[in-house]
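One structure, as structure tokens, below. Some questions next.
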Amino acid sequence: MNTLSIRLLGSLLLGAILPAYGSTLTGDWGGLRHQLDEQGIKFTGDYSGETAYNAHGGQHRSARYSQNIKLGVQLDLGKLYGLHNGDKIQLTVNDRRGNSASEDLVGNRLPIQENYGGLYTRLTELSYERTLFTPALNLKLGYMAMGNDLGGLDSGILCNFMNAGFCGHPLNMSGGSGWTNYPNAHLGARVKYDFSPAWQLRVAAFNVDPQSNGNSSRAWHVGPKHTTGTVVPIELVYKHASELPGEYKLGYYYDSSNVQRIGSDKHVSGRGGHYLLIDQALWNSQTSEGRTLHAFGQYSAASKAASPFSRWYGAGLVLYKPFAGRPRDTVALGYGRAVPNPRSRDVLQQAAEASDNAFPNLDSAEQLLELSYGYQATPWLILRPDVQYIIEPGAFSGEKIDNALILGLQVKATF
């Protein structure tokens with residue numbers, strides 16, 4: 001083991017047993033972390049743990065816990081080798097463990113814990129990024145998750161919530177196409193072009209391979225096993241910087257895969273969808289800097305032929321710095337509505353009738369109300385008490401399930 005390795009190991013152990021300072025739990029590793037960053041090697045890491053207790057309704061009264069640990073390193077090739085086009089290499093690994101409150105306790109479609117799913121260690125990103133020809137054109141290619149660059153709001157406003165219906169991209173995008181949820185990764189390429197400081201176009205192409213990263217046996221295989229097609233998202237982004245800034249995204253995606261139609265033996269070639277995402281500041285305090293109120297909105301529609309999740313609507317408010325003495329805290333309130341495809345509902349009803357079972361008279365959608373408070377306990381630790389009320393949890397399964405009240409706690413730590 002060389003001197004640098006010994007020093008790094010010692011610094012990590014020291015950071016783990018001594019009080020943390022600065023913006024990360026493990027601190028500056030005795031100055032080594034800052035030194036490596038200056039040389040072009042930046043280490044990152046974070047933990048999220050989410051506990052959810054079903055206090056009323058649903059199927060079972062109990063609690064479930066899930067967690068995600070993410071470790072990464074970014075190589076700045078400009079600092080390391082003198083390249084001049086913003087060249088970067090990103091390596092990220094994720095590990096997920098735990099149990100699902102939605103699956104075990106409630107029976108609903110929108111995951112109560114956004115970090116549940118794919119309970120194994122996997123390669124999440126191995127990518128190369130640089131500007132191309134002009135600073136306005138940025139290229140990123142490699143093995144990566146689609147949602148890193150497309151489908152969500154760059155501001156991060158949606159991850160003030162614990163339910164996956166809000167945090168990330170609209171879930172019907174992955175429910176009815178080759179678009180996959182983080183941390184699933186695929187081979188692909190993404191291009192961003194800045195028309196102006198306010199307007200940007202993003203275009204990408206990703207390999208569609210259901211047996212790749214979403215299967216634990218393929219967690220470290222970069223190459224695809226069985227390609228079914230290519231998914232191509234196109235996204236127009238508008239951001240305006242003013243006293244009341246805003247971010248707007250209009251997107252379309254198309255998956256060329258040949259898949260079976262819902263409720264039919266026939267196949268359809270190609271699945272698509274579109275979405276609109278908004279984050280707009282509504283109010284800034286004139287007496288307390290940093291206190292601001294933002295509104296967000298989401299709309300997404302997916303293929304009626306092949307998606308069991310046809311539409312998603314979401315809206316809400318986030319108040320930053322709710323109290324003068326808590327500059328980094330947040331209060332978030334959101335409402336979401338997930339609409340099942342009528343074809344899927346017909347399939348469930350026909351199956352119930354074929355088994356001589358009564359089919360419940362359900363409303364048209366699963367609905368979600370969520371209220372959370374983000375408490376910045378330290379610069380590296382966030383505690384987020386959370387309340388979710390889920391209306392018509394059985395809308396996607398065709399089951400009569402009582403509305404559920406969920407009490408949760410999300411913990412986020414930056415290493």
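The values are calculated or read from the model by the stated rules, or taken from the named source; none is laboratory data. Source: prediction; values computed, not measured. Ideal geometry is used to build each Cβ from the backbone, glycine not excepted, and the neighbour counts take in all protein chains shown.
So, in the range 58-115, of the ones that are β-branched (Val, Ile, Thr) and not in a strand (DSSP E or B), which residue ends up farthest from the chain's Cα centre (by Cα)? Spell out how you get there, then give the answer.
Taking the range 58-115 first, the residues β-branched (Val, Ile, Thr) are 69, 73, 89, 92-93, 106, 112.
Filter once more, so that each one left must be not in a strand (DSSP E or B): 106, 112.
Values: Val106: 21, Ile112: 13 Å.
Checked the range 58-115; the qualifying residue farthest from the chain's Cα centre (by Cα) is Val106.
Let me confirm something: among Ser364, Ser310, which residue is buried (at least 18 other Cβ atoms within 10 Å of the Cβ) and modelled with pLDDT under 90?
Details: Ser364 fails: buried (at least 18 other Cβ atoms within 10 Å of the Cβ).
Among Ser364, Ser310, only Ser310 is buried (at least 18 other Cβ atoms within 10 Å of the Cβ) and modelled with pLDDT under 90.
Kindly indicate whether any position in the range 72-92 is hydrophobic (A, V, I, L, M, F, W, C) and closer than 27 Å to Leu383 by Cβ.
Step one: filter the range 72-92 for residues hydrophobic (A, V, I, L, M, F, W, C), giving 73, 75, 77, 80, 83, 89, 91.
Among the residues that remain, those that are also closer than 27 Å to Leu383 by Cβ are: none.
No, the conditions are met nowhere in the range 72-92.
Can you list residue pairs whose Cβ atoms sit under 6 Å apart, with the first residue in the range 249-267 being closer than 16 Å to Ser174 by Cα and the second being in a strand (DSSP E or B) and among the acidic types (Asp, Glu)? Count only pairs 6 or more apart in sequence or on different chains.
Gly251/Glu235
Check the range 202-210 and report whether any residue there is more than 18 Å from the chain's Cα centre (by Cα), free of Cβ contacts under 8 Å to residues at least 60 places away in the same chain and farther than 30 Å from Tyr248 by Cβ.
Yes.
Within the range 368-415, how many residues are under 22 Å from the mean Cα position of the chain (by Cα) and within 13 Å of Val106 (Cβ to Cβ)?
9
Read through the list (1) without any contact (Cβ under 8 Å) to a residue 60 or more places away in the chain; (2) part of a strand (DSSP E or B); (3) of a type in the set (Val, Ile, Thr), then give the number of the only condition that Val231 fails.
Val231 satisfies every listed condition except (1).
Continuing with this model, one more query. Of the residues Leu132, Leu32, which is outside the structural domain of His186 (by TED's automatic domain parsing) and in contact (Cβ under 8 Å) with a residue 24 or more places away in the chain?
Leu32
On to the next question. For Phe166, indicate whether it is outside any helix (DSSP H, G or I) and either more than 24 Å from Gln67 (Cβ to Cβ) or in contact with a Lys or Arg (Cβ under 6 Å, 6 or more places away or on another chain) (or both).
No, not satisfied.
On the given criteria, is Met162 within 20 Å of Leu250 (Cβ to Cβ) and of a type in the set (A, V, I, L, M, F, W, C)? If you could, list the steps in order and put the result at the bottom.
Values: within 20 Å of Leu250 (Cβ to Cβ): no; of a type in the set (A, V, I, L, M, F, W, C): yes.
When the stated conditions are applied, Met162 does not pass them.
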